[in-house]
């Protein structure tokens with residue numbers, strides 16, 4: 001069967017919060033639109049650009065900053081390198097001057113309130129996250145480009161099917177957990193070794209290691225920033241940051257001036273269950289509070305679930321002797337492979353599958369990676385992923401006010417704790433007696449997604465989103 005080639009750097013993308021599907025994906029779609037315009041004509045020939053947001057992108061787009069993302073993309077800003085502290089000023093300037101620097105080359109008339117339209121009652125058939133760009137030229141001609149943000153920052157252009165027959169030829173092609181286990185048993189390699197060999201099809205091993213460590217450094221910096229930022233999250237819900245106060249309580253007045261000295265303080269304390277639990281929660285809260293504030297985060301596999309894997313990885317580093325570059329690399333490689341199997345067999349889009357597709361998948365990825373890091377066998381690794389997902393099945397996506405804050409931030413702490421629990425269960429169990437395989441739970445997740453009402457799929461039309469009385473004028 002043809003396979004889809006997914007790299008570790010497809011699963012882990014550096015970008016800007018608060019959502020991979022509603023922020024990073026539309027941002028990337030806008031960047032692709034600029035390239036398409038350049039291929040057809042000159043940017044100087046463009047008179048106007050209108051953006052149409054459909055389905056889930058419309059219904060929760062304000063809360064997720066979808067309009068901000070597409071505007072920045074049309075300005076050719078890079079989500080990986082943009083100074084996140086400059087975003088508000090850039091958007092305010094465009095709003096006040098009603099001008100947009102298209103492709104960072106040409107100034108055109110652009111009023112965000114008029115040129116970005118939220119079509120709340122319309123959706124496109126291919127995927128709930130659809131957006132179209134309507135381009136008018138100075139010769140009277142016009143054309144359109146339609147894209148779909150399919151989760152985790154992945155973007156597909158209308159009519160552009162993912163052609164698996166043109167995938168990169170990997171030494172160990174994997175679509176399912178059974179295929180992954182087959183290669184491990186045939187070669188005797190660990191899961192991270194299989195991933196390493198496959199990554200060599202894209203680049204050499206040194207580049208892969210460097211890139212993966214950059215991913216970790218971005219996660220690490222996000223945790224540290226989030227633990228030292230206070231105040232309210234943007235958006236109108238008046239949600240107060242909690243990681244700052246929890247960190248302050250846990251460090252108990254001890255002095256430090258950077259991540260490494262902070263980590264040393266964390267590791268000094270007696271490793272009681274409550275102490276470790278508080279820190280794991282603090283790590284996860286910190287990341288997703290940064291994510292909700294348009295901070296720099298890593299899709300893992302999405303922005304809404306960005307706190308689970310960093311929290312579990314820092315748990316591994318601080319409390320399980322995982323503070324070693326090679327161990328960190330292996331952790332993230334294993335996690336990425338589990339995430340790619342979920343993407344191939346089900347979805348990582350909350351607009352398609354609810355929050356089980358985000359927090360559930362991230363918890364499974366983290367559980368698998370931690371299990372391998374703790375010396376588990378390949379079958380125990382897959383068992384840990386299955387256990388973690390099994391207990392997220394049916395989890396809905398119901399963000400209050402369309403904001404990735406309530407219940408999303410706390411759900412990352414739950415996903416992290418479930419991942420650690422799943423790993424411990426797998427390490428203390430024999431996979432020979434397991435009744436449910438990872439592939440079966442992935443299929444069940446997809447079946448559940450298909451049966452789930454659309455009001456529980458990132459539309460803010462059901463669940464907590466309609467039962468909590470709020471007033472958000474911007475939504």
For the stretch 311-348, the count of residues that are touching a strand residue (DSSP E or B) at 6+ places or on another chain (Cβ under 9 Å) and in a helix (DSSP H, G or I) equals 1
Going through 189, 213 one at a time, which residue ends up being part of a helix (DSSP H, G or I) and either under 19 Å from residue 373 (Cα atoms) or not assigned by TED's automatic domain parsing to the domain that holds residue 439 (or both)? 213
Could you tell me which of the residues 388, 419, 368 is buried (at least 24 other Cβ atoms within 10 Å of the Cβ), under 19 Å from the mean Cα position of the chain (by Cα), within 30 Å of residue 238 (Cα to Cα) and at pLDDT 95 or above? 419
Tell me, yes or no, whether the stretch 200-207 has at least one residue that is in contact (Cβ under 8 Å) with a residue 40 or more places away in the chain and either assigned to a helix (DSSP H, G or I) or under 21 Å from the mean Cα position of the chain (by Cα) (or both). no
So for the stretch 397-416 (the condition being more than 23 Å from residue 352 (Cα to Cα), out of contact with any strand residue (DSSP E or B) (no Cβ under 9 Å at 6 or more places or on another chain) and not in a helix (DSSP H, G or I)), does at least one residue qualify? no
Of (1) surrounded by fewer than 22 Cβ atoms within 10 Å (Cβ to Cβ); (2) touching a residue at least 60 places away in the same chain (Cβ under 8 Å); (3) not in a loop (DSSP other than H, G, I, E, B), residue 222 fails just (1)
If you scan the stretch 36-64, which residues turn out to be outside any helix (DSSP H, G or I) and at pLDDT below 95? 60
Output for Cβ contacts, cut-off 9 Å, separation at least six or different chains, first residue in a helix (DSSP H, G or I) in the stretch 239-261, second loosely packed, with under 11 Cβ neighbours inside 10 Å and at pLDDT 95 or above, reads 244/231; 261/255
From the list 115, 76, 104, which residue is in contact (Cβ under 8 Å) with a residue 24 or more places away in the chain, out of contact with any strand residue (DSSP E or B) (no Cβ under 9 Å at 6 or more places or on another chain) and closer than 19 Å to residue 43 by Cα? 104
Report, by residue number, each residue of the stretch 1-44 that is outside the structural domain of residue 84 (by TED's automatic domain parsing) and farther than 22 Å from residue 291 by Cβ. 1, 2, 3, 4, 5, 6, 7
Inspect all residues belonging to the stretch 285-306 and state whether any of them is surrounded by fewer than 18 Cβ atoms within 10 Å (Cβ to Cβ) and in contact (Cβ under 8 Å) with a residue 24 or more places away in the chain. no
Go through the residues of the stretch 423-446 one by one and say whether even a single one is outside any loop (DSSP other than H, G, I, E, B), under 17 Å from residue 311 (Cβ atoms) and touching a helix residue (DSSP H, G or I) at 6+ places or on another chain (Cβ under 8 Å). yes
Does the stretch 165-176 contain at least one residue that is within 24 Å of the chain's Cα centre (by Cα), surrounded by fewer than 21 Cβ atoms within 10 Å (Cβ to Cβ) and modelled with pLDDT under 95? yes
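The values are calculated or read from the model by the stated rules, or taken from the named source; none is laboratory data. These numbers were taken from a predicted model, which means no experiment stands behind them. Neighbour counts are summed over all protein chains in view; Cβ atoms, including those assigned to glycine, are modelled from backbone coordinates with ideal geometry.
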